[in-house]
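Asker: Below is one structure. I have some questions about it.
What follows is calculated from the coordinates using simple rules that are stated; it is not laboratory data. As the structure is a prediction and not an experimental result, all values here were calculated from the model. Using ideal geometry, Cβ is built from the backbone for each residue, glycine included, and neighbour counts are taken over all protein chains shown.
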Amino acid sequence: EAGVTQSPTHLIKTRGQQATLRCSPISGHTSVYWYQQALGLGLQFLLWYDEGEERNRGNFPPRFSGRQFPNYSSELNVNALELEDSALYLCASSFHLRGASTDTQYFGPGTRLTVL
Amino acid sequence: AQSVTQLDSHVSVSEGTPVLLRCNYSSSYSPSLFWYVQHPNKGLQLLLKYTSAATLVKGINGFEAEFKKSETSFHLTKPSAHMSDAAEYFCVVSEPATGAGKSTFGDGTTLTVKP
């Protein structure tokens, strides 16, 4: 069974540009989560999508946005890039059943974003 | 509100000796708890999870963790360290799916294994 995939592996942008990161969940999973792992700051929750809807977001400015497509894949967009956006961006997926116990998240390999 | 504290940022052991990575949590709900491992420049791999079944949870690669509600702890152990265990380990507490649906990660513990 294929795991969570992310593209691109590496992305280099300059300050002020926009970045688009993509994630394909495990087949059958309906939830996608995005995390930022910046050096020295640990893993920070960004966004949670389920069934095409944004369900929750972390403490990030509105220039971090995304969407989930009908096939449950997801895109993270970061506008007006700043130097501190340089980080490893991790996507995770889970099967979300409303009313069920907490879902286990399975992670992709990440996209390394470098802002120059 | 939920939180998780990994008590050691770095742990160093010799190959063949036991590993103990400590994690304390706080949660308003009956928590689900996870341990993940991350090797350099890789994504996170699930080691094990606790979801209110047996308090002693066995995971992959010989790791296990014990949920202790009275101590609000979920420490990760392994009887004998292997060189390939050198990595960063994250303890995670997660709210129920009917709640906010997000996980809170600890700051991570870097495990070094000496030959």
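Asker: Enumerate the lysines that A:Lys13 could reach by cross-link, defined here as Cα to Cα under 26 Å, with residues fewer than 8 away along the same chain left out.
Answerer: Within reach: B:Lys42.
Asker: Please list, ordered by chain and number, the residues whose modelled amide H lies under 5 Å from the amide H of B:Leu48; skip anything fewer than 5 residues away on the same chain.
Answerer: B:Trp35
Asker: Give me the percent relative contact order of the range A:33-116, please, defined on Cα pairs under 8 angstrom at least 6 residues apart.
Answerer: Relative contact order, the range A:33-116: 26 percent.
Asker: Using each residue's phi in the range B:103-115, evaluate 6.51 cos²θ - 1.76 cosθ + 1.60 at θ = phi - 60° and report the 3J(HN,Hα) Karplus result to the nearest Hz, with x for Gly and Pro.
Answerer: 10, 10, 9, x, 6, x, 10, 8, 9, 10, 10, 8, x
Asker: For B:Glu15 and A:Glu54, what does the FRET efficiency come to when R0 = 41 Å and r is the distance between their Cβ atoms, rounded to the nearest 0.05?
Answerer: 0.35
Asker: Tell me, in nm to one decimal, what length is gained between A:Lys13 and A:Thr114 on full extension, where the rule is 0.36 nm per residue of separation less the Cα-Cα distance?
Answerer: Residue separation times 0.36 nm, minus the Cα-Cα distance, leaves 35.7 nm.
Asker: Can you give the extra length, in nm with one decimal, that the chain gains between B:Thr55 and B:Asp107 once fully stretched, where that is 0.36 nm per residue apart less the Cα-Cα distance?
Answerer: Gain on stretching B:Thr55 to B:Asp107: 16.4 nm.
Asker: Along the Cα-to-Cβ line of B:Ser26, 7 Å from the Cα, sits a label point; which residues in the range A:53-73 have backbone N less than 20 Å from it?
Answerer: Answer for this model: A:59.
Asker: For the range A:1-90, report the translational diffusion coefficient in µm²/s to the nearest whole number, using Stokes-Einstein at 25 °C, 0.890 mPa s, and a Kirkwood Rh over Cα pairs.
Answerer: Once the numbers are plugged in, D ends up at 182 µm²/s.
Asker: Wrap a convex hull around the Cα atoms of chain B, take a quarter of its surface area, and give that in square nanometres.
Answerer: Here the figure is 6.9 nm², rounded to one decimal.
Asker: So, one more: Go through A:104-110, B:10-16 and give me the packing order, highest mean Cβ count within 10 Å leading.
Answerer: A:104-110, B:10-16
Asker: If each of A:Ser65 and B:Asp8 carries a label point 7 Å out from its Cα toward its Cβ, how far apart are those two points in nm?
Answerer: Going by the 7 Å Cα→Cβ label model, 4.6 nm.
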